[in-house]
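The values are calculated or read from the model by the stated rules, or taken from the named source; none is laboratory data. Source: prediction; values computed, not measured. No Cβ is skipped: glycine too gets one built from the backbone with ideal geometry, and neighbour counts run over all protein chains shown.
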Amino acid sequence: MTWKIVADSGCDYRQLVTPAIDTEFISVPLTIQVADQVFIDDANLN
């Protein structure tokens, strides 16, 4: 079985050692929703 640990882009998982065989870390963008606007953490978010 393969495992994926999913965390938002605010997580500093790159410093962690892979915890087990067949396990990997995956980063997804942090999203913030205010009313009807959605802000995605990418190169354009300041």
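Please find, among Ile32, Ile5, Ile40, Ile26, the residue that is of a type outside the set (Phe, Trp, Tyr) and touching a Ser or Thr at 6+ places or on another chain (Cβ under 6 Å).
One residue alone meets the criteria, Ile40.
Those residues that are out of contact with any strand residue (DSSP E or B) (no Cβ under 9 Å at 6 or more places or on another chain) and of a type in the set (S, T, N, Q), I need them from the chain; list them, please. Even if it seems obvious, please write down each step before you answer.
Applying the first criterion (out of contact with any strand residue (DSSP E or B) (no Cβ under 9 Å at 6 or more places or on another chain)) to the chain yields 1, 10, 12, 15, 17, 21, 34-37, 42-44, 46.
Once the filter is applied, which keeps residues that are out of contact with any strand residue (DSSP E or B) (no Cβ under 9 Å at 6 or more places or on another chain) and of a type in the set (S, T, N, Q), the chain yields Gln15, Gln37, Asn44, Asn46.
Mind listing whichever residues of segment 11-27 are modelled with pLDDT of 80 or more and either assigned to a strand (DSSP E or B) or within 16 Å of Asp41 (Cβ to Cβ) (or both)?
Cys11, Asp12, Thr23, Glu24, Phe25, Ile26, Ser27 - these are the residues of segment 11-27 that are modelled with pLDDT of 80 or more and either assigned to a strand (DSSP E or B) or within 16 Å of Asp41 (Cβ to Cβ) (or both).
Failed condition for Thr2, given (1) among the hydroxyl-bearing types (Ser, Thr, Tyr); (2) surrounded by 11 or more Cβ atoms within 10 Å (Cβ to Cβ); (3) more than 15 Å from the chain's Cα centre (by Cα), with all others met?
(2)
One residue is enough: does segment 19-33 have a residue meeting the conditions among the acidic types (Asp, Glu), within 11 Å of the chain's Cα centre (by Cα) and surrounded by fewer than 10 Cβ atoms within 10 Å (Cβ to Cβ)?
There is no residue in segment 19-33 that is among the acidic types (Asp, Glu), within 11 Å of the chain's Cα centre (by Cα) and surrounded by fewer than 10 Cβ atoms within 10 Å (Cβ to Cβ).
For a quick check of your reading of the model, give me the residue pairs whose first member lies in segment 18-40 and is more than 10 Å from Asp8 (Cβ to Cβ), whose second is outside any strand (DSSP E or B) and β-branched (Val, Ile, Thr), with beta-carbon atoms closer than 6 Å and at least 6 apart or on different chains.
Asp22/Thr2
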